[in-house]
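The values are calculated or read from the model by the stated rules, or taken from the named source; none is laboratory data. Owing to the predicted nature of the structure, the values given are computational and were not obtained by experimental measurement. Note: ideal-geometry Cβ built from the backbone for every residue, glycine included; neighbour counts use all protein chains shown. Note: accessible area is taken over every heavy atom of the protein model, side chains too, but ligands, DNA and RNA are not part of it. Shrake-Rupley method; radii C 1.70, N 1.55, O 1.52, S 1.80 Å.
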Amino acid sequence: MKTLAAVLILAAAATAAGAQPIEARLTVTQDAAGPRIEPTVYGHFVEHAGTGVYGGLWVGPESTIPNTRGWRNDVVQALKRVGVPVMRWPGGCFADDYDWRDGIGDPAKRPIRRNRWWGGLESNRVGTHEFMDFAEQLGSEVYLSGNMGSMPPRAAAQWLDYMTADDASTLAQERRSNGRDKPWKVKYFGVGNESFGCGGNMTPEHQADLHNQYATFLWSAARVASGDGEGDDNRVEVLMKRSAKQMDALSLHYYSVPDNWTKHGDATGFDAGAWARTLKAALGIETRITALSTIMDKYDPAKRVALSVDEWGTWYDTPAGASALWQQNSLRDALVAAATFNVFHAHTDRVKMANIAQMVNVLQSMALTDGPRMVLTPTYYAFDLYRPFKGATPLKATLQAPAFSTGDVELPTVQVSAARAADGKLVLALVNLDPDRPARVATNLTSAVTGQVLTAAAMDAHNTFEHPKAVVPAPFSAKPGPQGLVLELPPKSVVVVGM
Ligand code: AHR
């Protein structure tokens with residue numbers, strides 16, 4: 001038995017060692033490939049769903065879990081490290097059933113509501129003041145998601161006034177009497193969420209007219225119209241035609257699902273087919289961005305209206321007994337994140353904001369918590385690796401790399417992004433999507449590079465409370481040889497380097 005096991009291990013090692021590298025060629029030029037990468041494309045989304053807020057982020061000031069005015073110190077510290085440029089809250093679907101008045105004033109007197117979309121009861125213990133404190137702790141801009149589905153326009157307008165007025169108006173006085181003297185800054189305001197579905201099941205025409213009505217009363221923030229999330233070009237066309245003047249941004253929601261919306265697929269324990277299907281789905285975001293951009297260009301050639309990908313990420317099946325939308329997060333998710341960032345970098349003319357769904361314990365999260373314990377996910381580390389890209393200017397990069405096939409799914413082996421960082425450095429991000437073969441990327445560059453690599457032995461490698469370092473970045477460096485700089489990427493890896 002022992003001998004057979006040893007033989008099998010050796011055979012596996014020989015196969016891995018013997019896997020022929022993919023040969024690729026990368027040419028980077030100094031030409032800017034678009035406007036700068038807005039730091040806000042590295043934004044986040046926080047919804048009152050499952051343990052995404054209660055437990056995951058908020059434990060309350062009275063908790064024994066270390067916190068600052070109720071917000072978990074461990075999570076805040078980790079998020080501050082990668083930086084949270086913008087946060088969208090309180091939904092999602094939750095937003096169109098939310099009355100902001102439920103979340104202000106004495107916490108003991110706040111109403112308890114049913115969480116219509118994600119189950120359980122909403123205590124409203126986290127409301128406007130608490131959320132804004134969280135944003136201030138993180139140093140994040142705020143993107144409020146307003147209710148167009150079930151509240152009148154006056155409610156949305158008054159929420160904004162309550163938060164931002166600096167005068168003697170009754171709403172500003174009410175904010176002061178609730179403990180906040182200085183007005184807050186609210187940079188973005190969402191005019192409904194998924195109006196095609198949970199936000200009201202509206203026809204595009206009805207939504208466009210309602211959008212115009214609501215947007216008329218929202219003065220002090222950039223107004224984000226709820227756009228596409230189901231591959232419906234017609235809705236985008238109608239919204240742009242009828243409402244472009246009344247919006248500053250239009251949203252796209254895009255989820256990557258390995259199987260389908262009935263049976264999404266597992267977050268771990270998947271095979272090479274599910275690996276390939278998930279990454280194929282993730283790369284498909286570029287098709288939607290291009291389609292929306294084309295329609296937007298028709299009605300807004302000056303590109304005044306931004307495209308906000310304000311929900312994106314993987315969506316797997318929630319295991320039995322787990323809180324709503326909870327899922328494990330593996331190396332595959334890190335590659336989805338990296339490949340998606342590279343797509344955003346290629347569309348900076350329109351994509352000015354993006355918000356991964358969601359921050360903690362929900363869908364493709366940064367961290368998972370269980371009582372006092374917290375573990376950072378591979379997706380968190382993808383955000384960490386890409387920090388140099390915030391505010392960088394994308395450069396033209398041409399990659400010649402073969403494709404690979406798994407079943408009937410064909411994928412590029414390597415995907416890339418290059419940019420001139422704010423500090424003048426050239427930064428490169430490369431994703432090797434092939435789970436089996438390393439990639440040898442010859443470049444036209446001649447300097448040494450240093451950076452980090454994120455990889456692991458298994459496709460579904462993930463961090464747990466017991467083993468929090470199964471997928472963490474490792475140092476990566478390369479020096480130019482006689483043929484210039486050649487980068488050797490491990491199979492299934494993300495490499496970010498600078499020079
Ligand atoms: O992120 C989970 C849900 O996905 C959001 O509430 C909704 O907007 C989308 O359908």
Could you tell me whether the stretch 101-141 comes out rounded, prolate or oblate from its Cα gyration tensor? Rule is a ≥ b ≥ c as square roots of the eigenvalues, rounded for a/c under 1.5, then prolate if a/b exceeds b/c, otherwise oblate. oblate
Expressed in nm to one decimal, what extension gain is obtained for the pair LYS263 and ASP166 from 0.36 nm per residue of sequence separation less their Cα-Cα distance? 29.9 nm
Output row, site ASP370, 7 Å Cα→C-beta label point, backbone N cut-off 18 Å, window the stretch 304-321, residues 318-321
Pop the C-beta distance of LYS298 and GLU62 into the FRET formula with R0 = 45 Å and round what comes out to the nearest 0.05. 0.25
Kirkwood Rh and Cα Rg combined as Rg/Rh, the stretch 286-420: 1.01
Tell me, what is the percent relative contact order of the chain, built from C-alpha pairs under 8 Å that lie six or more residues apart? 19
Take the Cα pairs of the stretch 354-412, get the Kirkwood Rh, then feed it into Stokes-Einstein at 4 °C and 1.567 mPa s and tell me D in µm²/s. 87
Would you grab the residues whose amide H sits under 5 Å from the one on VAL360? Only those 5+ places off in sequence or on another chain, please, with H modelled 1.01 Å from N. MET366
Distance-filtered residues of the stretch 386-422 - backbone nitrogen under 20 Å, label point 7 angstrom along THR27 Cα→Cβ: 394-403, 413-420
Nearest 20 debye, what's the magnitude of the dipole of the stretch 177-273 about its Cα centre given +1 on Lys and Arg Cβ and -1 on Asp and Glu Cβ? 740
Could you please report the charge total around ARG116, scoring K, R as +1 and D, E as -1 over all other residues with beta-carbon less than 11 angstrom from its beta-carbon? -1
What residues qualify as long-range amide H neighbours of GLU141, i.e. H under 5 Å apart, gap of 5 or more or another chain, H built at 1.01 Å from N? VAL86, MET87
Take every DSSP beta bridge with both residues inside the chain and express the antiparallel ones as a percent of the total, to the nearest 5. 55
Between ASP99 and LYS425, how high is the FRET efficiency from 1/(1 + (r/R0)^6) when r is the Cβ-Cβ distance and R₀ = 60 Å? Nearest 0.05. 0.80
Once you compute Rg and the Kirkwood Rh from C-alpha atoms, what is the Rg to Rh ratio for the stretch 258-352? 1.06
If packing is taken as the mean number of other Cβ atoms within 10 Å per residue, what is the order of 398-411, 186-199, 127-140, highest first? 186-199, 127-140, 398-411
Built amide H within the under 5 Å cut-off of SER308, gap 5+: LEU250, SER251, LEU252
Environment charge of ILE65, counting only residues whose C-beta is closer than 9 Å and scoring Lys/Arg +1, Asp/Glu -1: 0
Residue-normalised 222 nm signal for the chain, counting each DSSP H run of n ≥ 4 as -39,500 (n - 2.57), nearest 500 deg cm²/dmol, is -8000 deg cm²/dmol
Rounded to whole Hz and in sequence order, give me ³J(HN,Hα) for the stretch 365-377 from the Karplus expression 6.51 cos²θ - 1.76 cosθ + 1.60, θ = phi - 60°, writing x for Gly and Pro. 9, 7, 8, 10, 10, 8, x, x, 8, 9, 9, 8, 9
Going 7 Å from the Cα of LYS187 in the Cα-to-Cβ direction, what parts of the stretch 124-155 have a backbone nitrogen less than 16 Å from that spot? 132-145
Of every hundred units of 1.4 Å-probe accessible area on the chain, the number belonging to carbon and sulfur atoms, as a percent, is 55
From the phi angles alone, apply the Karplus equation (6.51, -1.76, 1.60; θ = phi - 60°) to the stretch 58-70 and give each ³J(HN,Hα) in whole Hz, x where the residue is Gly or Pro. 9, 10, x, x, 8, 5, 7, 6, x, 8, 10, 6, x
Once you have all Cα-Cα distances for the chain, histogram them in 10 Å bins from zero and send the whole-percent values. 4, 19, 29, 26, 15, 5, 2, 0, 0
Accessible area (Å², 1.4 Å probe, nearest 10) - HIS345: 10
Quick calc, the chain, dipole around Cα centre from Cβ unit charges on Lys, Arg (+) and Asp, Glu (-), nearest 20 debye, gives 980
Hey, with R₀ at 45 Å, roughly what FRET efficiency would ARG69 and ASN234 work out to, going by the Cβ-Cβ distance, to 0.05? 0.45
Taking 8 Å as the Cα distance limit and 6 or more residues as the minimum spacing, I'd like the relative contact order of the stretch 366-449 as a percentage. 21
